[in-house]
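Trainee: Below you'll find the structure I mean.
The values are calculated or read from the model by the stated rules, or taken from the named source; none is laboratory data. Being a predicted model, the structure only gives us computed values, none of them experimental. A quick note on method: Cβ atoms are made from the backbone with ideal geometry, for glycine too, and the neighbour counts reach across all protein chains shown.
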Amino acid sequence: MSERIHQGADRPELERIGRLEQASGIARLFGYLRLMGPGYMQSAMTLGGGTAFSAIFAGAAFGYRLLWVAPVGMLLGIIVLAAVAHQTLSTGRDPFEAMKQHAGSFFAYGWGLAAILSSIIWQFAQYALAASMLVLLARELGWENAPRWVMGLVALVWCVSVGLMYDRSGKLMRVYENVLKGMVWLIIVCFAFVVIRAGVPEPGQLLAGLIPNIPPDATPAGGGEPISSIVVIVSGLAAAVGVNMLFVYPYSLRRREWGREHRRLARYDLIFGMFVPYAIAASLIVIASASVLHFGEPELFTGAKIPPDRVAEILASPDRLGPVAGVWVFGLGIIAMALSSITMQMLCSGFACEVMFGWRRGSRLHLLGTLLPAIGVLGAVFWSDVAMWVAVPTNIICGLLMPLAYVGFIILQRSRAYLGDDLPTGSLAGAWLAGMVLSTVVLTAGLVLVVVREAPGYVSRIAQSLAHSESSR
């Protein structure tokens, strides 16, 4: 990837942006909405199994009290992503090379390797989730006992086919982005349907749930071990913005050939393409889960022991959502979450291998790098019976890799050698930097606390789940 991209390749688009800069606020917003893309890609990436698992647990165990977690987690992440966009679009420099030169190789390679590792780790949980939902929908079509490995292969074929569109041509890249946009809004529509049909038993508590609070630990009414509110909160914060998202974002900006003229568009894109869809979708999942499993029939929630297909059956039962539509709407929403996340993680791995190892885009090695996370399809078989809770510690493990990248970008944000005249100054720059530091401290402190408290129990739980999966085959 070249050191500096050509930032005037699409002159009609630049002229359009110039006109939008002079337009009124509403006209500018609607004009920008047509040009957005990278922000939606981040939405597609983060609206995966980690978000679904954390939101379902938050709603089932604590009602609406943790509605604040997803929006706050995303806001903290956007503070950092906005800095990444400012740096990348102002300089036109390759982000990895810039970090290696101005922050140090330790941060650069740690960031890149963490992006690949987290993309691979998360594939297992995503494929397990997708396979479970596909098995459930196959049952609705009359295919009883559909093999999970077959459903895993179905998910793999879809994700590889869609994921490889991105590097074929500019037109296919736009098709890929539009597919992801469609999947993001499919997720929102599906869960809005679930909420409308399930109802909101305690609407007065919704606004209170948006105020940050730490409720006491909860014991599932259906039995099972107590659920730590701290664990669920930290998992939700970690699910909002992952280290692989932090890697793929600047390269998606470069691939679109965005430059200095696109800086305001990038900020709008982060808010309306990333924050708004994510906050809506995550909140709808919490509300749906709380309405059914916390206020409605709490005895059905058994905590860590409940598998994803059982949750689907509970939330989408005929008496709540209708005899057919409920299962399909809920199931398709979950499948869209898993598959969109899988394709983005493949893209991230390809980007990382390209810039770190020099694997030229379009080469066989680059294809190998893109497909590295596909090993996660084994999750459809070996993790087929794993409980949803396995995704929460996975979320935390990936989250532990975030502070390294955050610190690297904080260093770059203060580097005049890198940013030159584009170095932020004044009170706004100080607030921006303070927000980046706060994001890093909050995430790091929370993750360390959870690991110290919960790691031994997680290891035991994962081992038991894998043993059960082995014995049931």
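Trainee: Can you name the helices (runs of 4 or more DSSP H) wholly within the stretch 1-55 that have at least 2 residues being touching a Leu at 6+ places or on another chain (Cβ under 9 Å), at pLDDT 75 or above and among the hydroxyl-bearing types (Ser, Thr, Tyr)?
Mentor: 38-46
Trainee: Something else: From (1) under 19 Å from the mean Cα position of the chain (by Cα); (2) over 23 Å from Glu257 (Cβ atoms), pick out the condition that doesn't hold for Leu81.
Mentor: Going through the list (1) under 19 Å from the mean Cα position of the chain (by Cα); (2) over 23 Å from Glu257 (Cβ atoms), Leu81 breaks only (2).
Trainee: In the stretch 390-443, what residues are at pLDDT below 90, polar (S, T, N, Q) and either within 28 Å of the chain's Cα centre (by Cα) or surrounded by 21 or more Cβ atoms within 10 Å (Cβ to Cβ) (or both)?
Mentor: Thr394, Asn395, Ser439, Thr440
Trainee: Kindly indicate the residue of the stretch 178-199 that is β-branched (Val, Ile, Thr) and more than 13 Å from Leu339 (Cβ to Cβ) and also surrounded by the fewest Cβ atoms within 10 Å (Cβ to Cβ) among those meeting that condition.
Mentor: Across the stretch 178-199, the extreme among qualifying residues is Ile196.
Trainee: Return yes when Lys171 is assigned to a helix (DSSP H, G or I), basic (Lys, Arg) and exposed (fewer than 14 other Cβ atoms within 10 Å of the Cβ) and no when it is not.
Mentor: yes
Trainee: A further question follows. Any idea which of (1) closer than 16 Å to Met245 by Cα; (2) touching a Cys at 6+ places or on another chain (Cβ under 6 Å); (3) of a type outside the set (Val, Ile, Thr) is the one Trp359 doesn't satisfy?
Mentor: (1)
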